[in-house]
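Structure first, commentary second.
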């Protein structure tokens with residue numbers, strides 16, 4: 001998570017959006033959701049940081065970088081390089097594969113024929129959660145509507161020196177903050193998830209960049225071809 005300095009203010013209460021013709025917080029969020037829902041092919045990148053709370057209560061932070069290619073309704077690629085793992089996920093509408101370059105091992109299984117079903121299938125059956133995978137399915141904000149209360153407007157705040165609409169969403173098990181660009185098209189600039197019911201309330205932070213809604217994606221991007229010296233392994237069932 002990006003390190004920031006927070007200055008004490010007289011009132012920490014979220015403010016209301018300016019009234020000069022601006023949209024409500026729900027409309028701001030829906031504008032991004034509806035725009036992303038309408039995109040059939042896109043790519044984006046994420047710089048990730050997340051907390052690990054030690055038994056002592058101290059927090060340590062890890063980082064990662066993820067690039068995602070999406071081609072609806074049945075193609076997905078996600079490459080992740082991080083402190084704790086390095087993986088490449090492929091889904092081509094028929095199978096999904098997970099390749100771990102440092103170990104030179106991979107596993108492949110048959111998959112459902114739609115992206116929505118595949119994302120849910122790999123999570124429920126193999127414990128594979130693709131970070132921010134809710135953004136690639138047909139209804140990217142369905143989880144928000146079912147899990148969080150009406151968003152609160154915090155302010156017009158900076159992400160990498162760019163001002164965006166800062167919203168807070170409060171849930172039972174976790175809270176989320178999102179920053180949406182003020183310019184068109186409405187883009188997700190940053191997201192923070194706080195797991196408030198876990199010891200130490202660890203956070204997961206994602207900084208988004210290089211959104212591209214007219215990408216030229218070669219078909220072989222989504223097809224996994226194992227290296228000649230790679231070893232095939234089997235997925236273990238989730239705990």
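The values are calculated or read from the model by the stated rules, or taken from the named source; none is laboratory data. In this text, all values refer to a predicted model and were calculated from it rather than measured experimentally. As a convention, Cβ positions derive from the backbone with ideal geometry for all residues, glycine included, and neighbour counts pool all protein chains shown.
Which condition does residue 168 not pass, out of (1) in contact with a strand residue (DSSP E or B) (Cβ under 7 Å, 6 or more places away or on another chain); (2) surrounded by 15 or more Cβ atoms within 10 Å (Cβ to Cβ); (3) farther than 30 Å from residue 54 by Cβ, if it passes all the others?
Here residue 168 meets the rest and fails (3).
Could you tell me whether residue 109 is more than 18 Å from the chain's Cα centre (by Cα) and in contact (Cβ under 8 Å) with a residue 24 or more places away in the chain?
yes
Can you tell me which of (1) at pLDDT 95 or above; (2) more than 30 Å from residue 230 (Cβ to Cβ) is the one residue 8 doesn't meet?
Here residue 8 clears every test but (1).
Condition check ((1) in contact (Cβ under 8 Å) with a residue 24 or more places away in the chain; (2) touching a helix residue (DSSP H, G or I) at 6+ places or on another chain (Cβ under 7 Å); (3) under 25 Å from residue 105 (Cα atoms)) across all residues:
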position: 170; (1), (2), (3): no, no, no
position: 179; (1), (2), (3): no, no, no
position: 185; (1), (2), (3): yes, yes, no
position: 189; (1), (2), (3): yes, no, no
position: 197; (1), (2), (3): yes, no, no
position: 220; (1), (2), (3): no, no, yes
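Can you tell me how many residues in the stretch 108-123 are out of contact with any helix residue (DSSP H, G or I) (no Cβ under 7 Å at 6 or more places or on another chain) and either closer than 30 Å to residue 180 by Cα or buried (at least 17 other Cβ atoms within 10 Å of the Cβ) (or both)?
10
Consider the stretch 65-95. How many of its residues are over 19 Å from the mean Cα position of the chain (by Cα) and crowded, with 16+ Cβ neighbours inside 10 Å?
2
What are the residues in the stretch 124-138 that are surrounded by 14 or more Cβ atoms within 10 Å (Cβ to Cβ) and over 11 Å from the mean Cα position of the chain (by Cα), if any?
126, 128, 137
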